[in-house]
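J.: Got a structure for you, written out below as structure tokens; questions coming shortly.
The values are calculated or read from the model by the stated rules, or taken from the named source; none is laboratory data. Keep in mind that what you see is a predicted model, and the values were worked out from it rather than measured. Note: ideal-geometry Cβ built from the backbone for every residue, glycine included; neighbour counts use all protein chains shown.
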Amino acid sequence: MAHFERPQHPDITNDMFDKIDEIIAINQPRPGSIIAALRECQNVAGYLPIELIDYISYGMNLAPSEVFGIASFYSLFSMEPKGRHTIKMCLGTACYVKGIKEIMSRVHREYGIGDGETTEDRRFSLDAVRCLGACGLAPVMIVDNDTYGALSSDGTVEILEKYE
Amino acid sequence: MLCGGTGCHSTGTKAFREALQNELESQGLVEEVKIIETGCNGFCAVGPVMLVQPEGIFYQNLRTKHVPHLVEEHFLKGRPVPKLFYVEPASKETIPNMNDIPFFKHQVFWAMRNKGALDPEVIDEYIARDGYFGAAKAVNEMTADQIIEEMKISGLRGRGGAGFPTGLKWEFAGKSSSDIKYVLCNADEGDPGAFMDRSILEADPHAVLEGMIIAARAINSHQGYIYARTEYPLAVRRLGIAIQQAREYGLLGKDILGSGFDFDIDIYQGAGAFVCGEETALMRSIEGKRGMPRPRPPFPALRGLWEKPTILNNVETFSNVSQIILNGGKWYASVGTETSKGTKVFALSGDVANIGLVEVPMGISLRTIIYDIGGGVPNKKKFKAVQLGGPSGGCVPEEYLDTPVDYEEIVKLGAIMGSGGMIVMDENTCMVDMARFFMDFIQDESCGKCTPCREGTRRLLQILENICNGKGKAEDLVALDQISNVIKASALCGLGQTAPNPVLSSLRYFMDEFHAHIYEKKCPAKRCIPLLKFEVDPDACTKCGICFRNCPSNAISWKKKEVAKIDKGKCTQCLTCYEKCRFEAIL
């Protein structure tokens with residue numbers, strides 16, 4: 001489908017490109033589907049390096065500058081490599097009142113990462129999200145697909161240590 | 001009926017369900033006891049929760065270790081297990097029946113009528129509870145004008161926050177002439193602290209679909225879209241299943257129920273932008289562009305998605321529609337105040353005992369919600385303020401808690417009803433820090449298109465940060481007020497226009513805290529770290545040792561009958577000692 005040569009990139013394999021081509025083919029005819037396409041491609045590659053954004057825009061028949069504009073606007077998309085495990089810390093109001101700030105400081109102290117950063121060894125990426133909608137259990141974080149509520153500083157480190 | 005909402009998932013509903021299923025199988029009870037996983041029940045603080053029918057017994061704080069005893073006692077021998085009942089915190093009374101628990105007793109379940117009562121992935125259960133009868137009546141027995149008339153009589157106003165009369169909005173779109181019109185559902189619940197829409201989507205997705213079908217009939221639209229937050233994967237999944245099942249039953253698609261009316265619904269997912277909850281930004285996002293609002297007029301009812309007439313309504317608004325059509329607009333308007341009819345779902349959280357979702361009739365007082373339903377402020381702390389309306393709203397102090405829940409009454413207080421986030425704050429909350437928190441959020445989420453919001457909120461944030469860091473000056477108070485009013489008057493969209501509200505309302509009710517930060521360089525609530533010394537006051541210390549026992553970093557040294565001492569080298573500034581000390585002895 002894509003008449004643009006696949007760019008060489010250390011983090012994107014040929015298998016991933018096969019899936020990406022499929023995603024582009026399904027989404028290209030549907031109006032307004034660039035956001036869905038970017039989301040699905042990010043799920044495959046882990047993040048959206050600039051070369052991939054160019055590749056997707058050619059496949060979707062859109063100007064690369066426009067697609068870059070969309071990728072940089074929405075906080076879901078990342079152009080930085082992600083760790084093996086993504087930590088999403090809820091920074092919503094209820095979680096804030098219940099002390100998520102202190103937990104983030106502790107994580108920063110233990111693993112050296114702040115909001116939007118990835119550890120050197122690519123073990124963890126930390127993202128502050130604005131509200132996970134689980135306010136009943138504030139403070140809340142999601143690691144990969146697991147939700148953890150009623151966090152304490154020590155408890156959080158214990159949970160994270162389980163993830164290699 | 002086991003709660004399968006996101007909150008209970010995080011406290012272990014999945015593991016509990018598996019354990020329960022295994023135990024029932026090994027006891028040969030699978031024919032007599034059926035486990036149904038429902039949507040969010042609303043009482044998240046005590047999850048995982050389970051309701052056993054037909055007795056109506058409510059169990060809470062369930063863990064897998066409870067399973068063998070529970071199955072043996074309740075399901076085999078028919079004896080409910082008191083140990084797992086709800087315990088009323090003040091009286092310590094155990095209350096087995098859900099309808100007697102104070103949290104549920106005062107509520108009126110209209111939008112949330114099906115929560116916890118059916119399996120959201122089985123359309124037959126929704127239909128069995130009068131589901132889609134409203135849509136059937138609308139497409140087969142009513143004209144578009146009749147539907148709009150009922151909606152106007154009901155007095156339903158947009159539950160997403162703006163409170164625009166729903167019937168009127170539909171009337172405008174109905175009058176626009178175009179072959180193509182769109183019905184949009186705003187499921188991008190972006191307010192931090194709000195999870196009402198998540199609950200409705202996870203517990204009762206068909207209610208939303210039915211509301212959209214009726215709206216489509218009213219304005220003569222044949223295509224609908226639900227713009228759902230990506231951060232709500234369970235809701236997105238259940239919506240997808242619901243749409244599929246509705247199509248199979250001929251409730252969506254061509255010739256609905258043989259009426260000749262066509263309407264179908266598809267889902268678009270958000271990508272993490274708060275501003276996309278704003279109606280014009282949402283439409284831009286569906287069109288595959290950056291979610292930046294545009295000026296109005298022209299209003300979406302005339303030119304909206306892809307320049308076609310469009311109505312956009314919130315999840316909670318849609319979930320009320322079918323009942324209004326079935327029971328009549330007058331029925332809906334029989335509850336509420338003069339200008340605010342019906343019920344509202346609030347997400348009560350923060351420093352309150354009963355955290356969860358609360359659906360109450362309009363006109364009830366804030367005090368009733370926070371104390372009678374919410375159980376008041378726990379840990380013997382004093383109430384300080386309640387935040388209404390999220391980052392677009394304001395804080396309400398104790399003196400005004402008798403204010404009734406009503407769109408206009410709340411605006412008089414300097415807040416807004418908003419989407420329903422209600423965050424209770426106790427004496428340990430710094431109101432200056434909260435204003436800074438909201439402004440930080442707004443700065444992060446501002447789309448950047450208009451100067452008042454992009455630059456104005458940046459200045460407000462800088463000033464607030466200076467004040468929290470001990471660098472505040474007297475002129476800052478004047479600047480905060482002036483800049484706020486300029487932004488309110490000139491910003492392009494609702495996000496910008498309401499962004500200064502938290503600042504203005506903190507200045508209005510908590511000026512003394514601003515003064516303390518600026519003139520005394522002190523934070524009365526002891527939360528602004530740059531203003532704290534992390535030292536024990538030897539005169540106030542009662543040598544009780546509580547701080548020593550609770551410090552998670554072992555940074556406090558203490559021996560019996562001696563004043564405690566904090567080692568600043570080990571201290572991580574987590575503020576635990578401040579919270580635990582009952583004698584204000586830490587500076």
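J.: Those residues that are within 20 Å of B:Glu445 (Cα to Cα) and either more than 14 Å from chain B (Cβ to nearest Cβ) or not in a loop (DSSP other than H, G, I, E, B) (or both), I need them from segment A:118-134; list them, please.
T.: Those that are within 20 Å of B:Glu445 (Cα to Cα) and either more than 14 Å from chain B (Cβ to nearest Cβ) or not in a loop (DSSP other than H, G, I, E, B) (or both): A:Leu126, A:Asp127, A:Ala128, A:Val129.
J.: Looking at B:Phe441, is it aromatic (Phe, Trp, Tyr), under 19 Å from the mean Cα position of the chain (by Cα) and either under 23 Å from B:Gly163 (Cα atoms) or crowded, with 19+ Cβ neighbours inside 10 Å (or both)?
T.: Answer is yes for this residue.
J.: Working only within segment B:570-587, note down all residues that are over 18 Å from A:His108 (Cβ atoms), within 14 Å of chain A (Cβ to nearest Cβ) and either exposed (fewer than 15 other Cβ atoms within 10 Å of the Cβ) or not basic (Lys, Arg) (or both).
T.: B:Cys577, B:Tyr578, B:Glu579
J.: Taking into account only those residues within segment B:328-355 that are of a type in the set (Ser, Thr, Tyr) and within 30 Å of B:Asp426 (Cα to Cα), which is surrounded by the fewest Cβ atoms within 10 Å (Cβ to Cβ)?
T.: By that ranking, first place goes to B:Thr337.
J.: If you don't mind, another one. Just wondering, is there one or more residues in segment B:6-20 that are aliphatic (A, V, I, L, M), touching a helix residue (DSSP H, G or I) at 6+ places or on another chain (Cβ under 6 Å) and closer than 18 Å to B:Asp119 by Cβ?
T.: Checked segment B:6-20: at least one residue is aliphatic (A, V, I, L, M), touching a helix residue (DSSP H, G or I) at 6+ places or on another chain (Cβ under 6 Å) and closer than 18 Å to B:Asp119 by Cβ.
J.: Can I ask one more? Report, by residue number, each residue of segment B:166-179 that is surrounded by 17 or more Cβ atoms within 10 Å (Cβ to Cβ) and within 21 Å of B:Ser322 (Cβ to Cβ).
T.: Result: B:Thr166, B:Gly167, B:Lys169, B:Trp170, B:Glu171, B:Ala173, B:Gly174.
J.: Output the residues belonging to segment B:38-49 that are of a type in the set (Gly, Ala, Ser) and facing chain A (nearest Cβ under 9 Å).
T.: B:Gly42, B:Ala45, B:Gly47 - these are the residues of segment B:38-49 that are of a type in the set (Gly, Ala, Ser) and facing chain A (nearest Cβ under 9 Å).
J.: Sticking with this one: Would you point out which residue out of B:Ile101, B:Ile123, B:Ile147 is in contact with a strand residue (DSSP E or B) (Cβ under 8 Å, 6 or more places away or on another chain) and aliphatic (A, V, I, L, M)?
T.: On inspection, the qualifying residue turns out to be B:Ile101.
J.: Please go through segment B:394-419 and pick out each residue that is assigned to a loop (DSSP other than H, G, I, E, B), of a type in the set (Ser, Thr, Tyr) and at pLDDT 95 or above.
T.: B:Thr403
J.: Considering only segment B:283-299, how many residues are more than 9 Å from chain A (Cβ to nearest Cβ), crowded, with 17+ Cβ neighbours inside 10 Å and free of Cβ contacts under 8 Å to residues at least 60 places away in the same chain?
T.: Here the count works out to 1.
J.: Could you go through segment B:578-585 and let me know if any residue there is in a loop (DSSP other than H, G, I, E, B), under 36 Å from the mean Cα position of the chain (by Cα) and more than 21 Å from B:Pro524 (Cα to Cα).
T.: No; the residues of segment B:578-585 include none that is in a loop (DSSP other than H, G, I, E, B), under 36 Å from the mean Cα position of the chain (by Cα) and more than 21 Å from B:Pro524 (Cα to Cα).
J.: When only residues in segment A:140-158 that are touching a Phe, Trp or Tyr at 6+ places or on another chain (Cβ under 8 Å) and either part of a loop (DSSP other than H, G, I, E, B) or within 8 Å of chain B (Cβ to nearest Cβ) (or both) count, which is surrounded by the fewest Cβ atoms within 10 Å (Cβ to Cβ)?
T.: A:Asp144
J.: Now, a different point. Failed condition for B:Gln146, given (1) more than 14 Å from every other protein chain (Cβ to nearest Cβ); (2) touching a residue at least 40 places away in the same chain (Cβ under 8 Å); (3) part of a helix (DSSP H, G or I), with all others met?
T.: If we test B:Gln146 against (1) more than 14 Å from every other protein chain (Cβ to nearest Cβ); (2) touching a residue at least 40 places away in the same chain (Cβ under 8 Å); (3) part of a helix (DSSP H, G or I), just (2) comes out false.
J.: For segment B:97-121, which positions are free of Cβ contacts under 8 Å to residues at least 60 places away in the same chain and assigned to a loop (DSSP other than H, G, I, E, B)?
T.: B:Ile101
J.: Taking segment B:223-277 as the search range and keeping residues that are of a type in the set (Phe, Trp, Tyr) and within 12 Å of another protein chain (Cβ to nearest Cβ), which one is farthest from B:Gly211 (Cα to Cα)?
T.: Among those that are of a type in the set (Phe, Trp, Tyr) and within 12 Å of another protein chain (Cβ to nearest Cβ), it is B:Phe274.
J.: Here's another thing I want to ask about it. Among the candidates B:Cys8, B:Cys40, which residue alone is under 17 Å from B:Ile200 (Cβ atoms), out of contact with any Lys or Arg (no Cβ under 6 Å at 6 or more places or on another chain) and not in a loop (DSSP other than H, G, I, E, B)? Can you show your working first?
T.: Details: B:Cys40 fails: not in a loop (DSSP other than H, G, I, E, B).
Residue meeting the stated conditions: B:Cys8.
J.: Sticking with this one: Would you pick out the residues in segment A:76-117 that are among the small types (Gly, Ala, Ser), crowded, with 18+ Cβ neighbours inside 10 Å and not in a helix (DSSP H, G or I)? Steps first, please.
T.: Taking segment A:76-117 first, the residues among the small types (Gly, Ala, Ser) are A:78, A:83, A:92, A:94, A:99, A:105, A:112, A:114, A:116.
Okay, now just the ones that are also crowded, with 18+ Cβ neighbours inside 10 Å, so A:78, A:83, A:92, A:94, A:99.
Those that are among the small types (Gly, Ala, Ser), crowded, with 18+ Cβ neighbours inside 10 Å and not in a helix (DSSP H, G or I): A:Ser78, A:Gly83, A:Gly92, A:Gly99.
J.: Taking segment B:187-211 only, how many residues are touching a helix residue (DSSP H, G or I) at 6+ places or on another chain (Cβ under 6 Å) and more than 14 Å from chain A (Cβ to nearest Cβ)?
T.: So the count comes out to 7.
J.: Turning to a different aspect of this structure: Could you pull out the residue among B:Ala203, B:Ala273, B:Ala235, B:Ala281 that is within 30 Å of B:Ser490 (Cβ to Cβ), at pLDDT below 95 and outside the structural domain of B:Glu359 (by TED's automatic domain parsing)?
T.: B:Ala273
J.: I would also like to ask the following. Pick from B:Leu184, B:Leu201: which is among the aliphatic types (A, V, I, L, M) and in contact with a Lys or Arg (Cβ under 8 Å, 6 or more places away or on another chain)?
T.: B:Leu201
J.: Here's something else I'd like to know. Kindly indicate whether A:Phe77 is more than 8 Å from chain B (Cβ to nearest Cβ), within 21 Å of B:Gln269 (Cβ to Cβ) and among the aromatic types (Phe, Trp, Tyr).
T.: For A:Phe77, the condition - more than 8 Å from chain B (Cβ to nearest Cβ), within 21 Å of B:Gln269 (Cβ to Cβ) and among the aromatic types (Phe, Trp, Tyr) - is not met.
J.: In the list B:Leu326, B:Leu302, B:Leu312, which residue meets the criterion of being within 20 Å of B:Phe274 (Cα to Cα), among the aliphatic types (A, V, I, L, M) and more than 12 Å from chain A (Cβ to nearest Cβ)?
T.: B:Leu312
J.: Let me ask something else. Within segment B:77-92, can one find any residue that is under 31 Å from the mean Cα position of the chain (by Cα) and closer than 30 Å to B:Glu231 by Cα?
T.: Among the residues of segment B:77-92, not one is under 31 Å from the mean Cα position of the chain (by Cα) and closer than 30 Å to B:Glu231 by Cα, which makes the answer no.
J.: Mind listing just one residue for me: the one in segment A:5-35 that is loosely packed, with under 12 Cβ neighbours inside 10 Å and either touching an Asp or Glu at 6+ places or on another chain (Cβ under 7 Å) or closer than 25 Å to B:Arg290 by Cβ (or both) and, of those, modelled with the highest pLDDT?
T.: Among them, the one singled out is A:Pro29.
J.: Still on this model: If I ask for residues that are outside any loop (DSSP other than H, G, I, E, B) and more than 13 Å from every other protein chain (Cβ to nearest Cβ), which ones from segment B:11-37 would you list?
T.: Once the filter is applied, which keeps residues that are outside any loop (DSSP other than H, G, I, E, B) and more than 13 Å from every other protein chain (Cβ to nearest Cβ), segment B:11-37 yields B:Phe16, B:Arg17, B:Glu18, B:Ala19, B:Leu20, B:Gln21, B:Asn22, B:Glu23, B:Leu24, B:Glu25, B:Ser26, B:Glu37.
J.: Further question: Note down all Cβ pairs under 8 Å where the first residue falls in segment B:66-92 and is in contact (Cβ under 8 Å) with a residue 60 or more places away in the chain and not assigned by TED's automatic domain parsing to the domain that holds B:Val352, the second is hydrophobic (A, V, I, L, M, F, W, C) and buried (at least 16 other Cβ atoms within 10 Å of the Cβ), and they're at least six residues apart or on different chains.
T.: Sorted first by the residue in segment B:66-92, then by its partner, the pairs are B:Pro89/B:Ala353.
J.: Right, another one. Pull out all pairs, ordered by first then second residue, where Cβ-Cβ is under 6 Å, the residues are six or more apart or on different chains, the first lies in segment B:395-412 and is more than 16 Å from B:Leu348 (Cα to Cα), and the second is of a type in the set (Val, Ile, Thr) and not in a helix (DSSP H, G or I).
T.: Taking only residues 6 or more apart or on different chains, the pairs are B:Asp406/B:Thr337; B:Glu408/B:Thr339; B:Glu409/B:Thr403.
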